[in-house]
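*Asks:* If you scroll down you'll find the structure; I have some questions about it.
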Amino acid sequence: MSRAHETHAVVFDLDGTLFDSLPLVLRAFQHALEPFGGRPTMETFAGLGGPPEKIFPLLIPDPQHVPAAMLRLQQFHAGHPELIQPFPGAIALLDELYRRKIQLAVWTGRDRASTLPLLAMHDMAKYFSVLVCGDDLSSHKPDPAGLRQILDSLALKPEHVIFMGDADVDVFGGAQLRVDTLLITHGRSLSSDVNEKAAGAVSSPSEAYAWALRCAPPR
């Protein structure tokens with residue numbers, strides 16, 4: 001994909017984009033929902049956005065079980081922090097973009113309480129000037145409010161920003177603000193609507209990282 005405008009900032013989703021965490025997230029969701037009848041799949045995460053407290057009521061038949069499922073989720077995550085690792089090349093990409101003076105930001109459905117320790121664990125917080133997490137706003141992806149907040153904070157027009165994510169809601173959110181959005185498919189098939197709205201699609205994070213470097217001007 002070529003771009004008509006110079007790239008001044010790159011916005012990242014976290015899970016499935018910078019961090020190889022979706023297998024752990026799926027295991028954690030399965031653990032949390034198992035006693036209550038919910039059955040999440042990888043397609044669940046592709047189509048839903050926001051923190052677990054928003055997603056769980058859609059997956060649990062009896063809403064009174066949501067708090068207990070949330071507790072099971074938190075306990076599973078707390079017991080397995082080592083299972084979430086950056087994808088190969090993720091930190092090198094951030095380091096190179098930062099060196100080129102490209103502004104970097106995060107727009108994630110992950111809540112702030114789990115986002116900050118995850119970034120700190122891998123010394124990645126230093127790269128990002130803006131973080132918008134799943135519980136920072138009342139709305140969630142694909143509502144573009146989080147991305148709009150990032151654009152305002154960076155004082156940039158949409159055409160100078162690219163967004164990288166792995167879920168359909170990432171594409172729909174970016175498209176609403178006319179921010180070029182690259183979708184990492186991880187090998188799944190896409191609907192025609194997603195294909196039309198995405199600026200491009202690649203199968204792996206490594207391909208996405210190479211694309212981001214091509215879009216970023218050398219400094």
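No lab work stands behind these numbers, since they all come straight from the coordinates. The structure displayed is predicted, hence computed values, not measured ones. Neighbour counts run over all protein chains shown; Cβ positions are idealised from the backbone, glycine included.
*Asks:* If I take every Cα pair under 8 Å that is 6 or more residues apart in the range 38-189, average their sequence separation and divide by the length, what percent do I get for the relative contact order? Please list the in-between numbers first.
*Replies:* Values: 174 pairs, mean separation 32.7, N = 152.
Relative contact order for the range 38-189 comes out at 22 percent.
*Asks:* Note down the net charge around Leu137, summing +1 for each Lys or Arg and -1 for each Asp or Glu among other residues with Cβ under 14 Å from its Cβ.
*Replies:* Numbers: positive: Lys54, Arg110, Arg112, Lys141, Arg148; negative: Glu53, Asp111, Asp135, Asp136, Asp143, Asp152.
Summing Lys/Arg as +1 and Asp/Glu as -1 gives -1.
*Asks:* Okay, next question. Identify the residues of the range 66-94 with backbone N under 13 Å of a label point that sits 7 angstrom from the Cα of Arg27 along the Cα-to-Cβ direction, or state none.
*Replies:* Counting only backbone N, you get 76-85.
*Asks:* Let me ask another. Which length gain, in nm to one decimal place, applies between Ser204 and Glu96 when the Cα-Cα distance is subtracted from 0.36 nm times their residue separation?
*Replies:* Working: separation 108, 0.36 × 108 = 38.88 nm, distance 1.91 nm.
That pair, Ser204 and Glu96, stretches by 37.0 nm at full extension.
*Asks:* Another question about this same structure. How big is the chain by Rg and Dmax over its Cα atoms, in Å?
*Replies:* Expressed in Å, the Cα Rg and Dmax of the chain come to 16.8, 55.
*Asks:* Still on this structure, please answer the following. Which residue, Val130, Leu190, Ala155, has the largest displacement toward the positive end of the dipole of the chain when charges sit on each Cβ (Lys, Arg +1; Asp, Glu -1)?
*Replies:* Value computed over the given set: Ala155.
*Asks:* Would you mind counting up the charge near Asp111? Only other residues with Cβ under 11 Å from its Cβ, with Lys and Arg at +1 and Asp and Glu at -1. Display every interim value, and only then the final one.
*Replies:* On the way: positive: Lys54, Arg110, Arg112; negative: Glu53, Asp135, Asp136.
Around Asp111, the surrounding residues sum to 0.
*Asks:* Cβ neighbours within 10 Å, averaged per peptide: list 174-183, 95-104, 201-210 in order, most packed at the top.
*Replies:* On the way: 174-183: 22.2, 95-104: 16.3, 201-210: 18.2.
Descending packing order for the listed peptides: 174-183, 201-210, 95-104.
*Asks:* What is the set of long-range amide H partners of Asp20 at a cut-off below 5 Å, with H atoms built 1.01 Å from backbone N?
*Replies:* The answer is Gln85, Phe87.
*Asks:* With a sphere of radius 14 Å drawn around the Cβ of Pro61, what net charge do the other residues whose Cβ falls strictly inside it have (Lys, Arg +1; Asp, Glu -1)? Numbers along the way, then the final one.
*Replies:* Values: positive: Arg39; negative: Glu34, Asp62.
After counting each charged neighbour, the total is -1.
*Asks:* Put +1 on the Cβ of each Lys and Arg and -1 on the Cβ of each Asp and Glu in the chain; which of Ala120, Gln75, Val169 then has its Cα farthest toward the positive end of the dipole?
*Replies:* Final value for the positive-end residue is Ala120.
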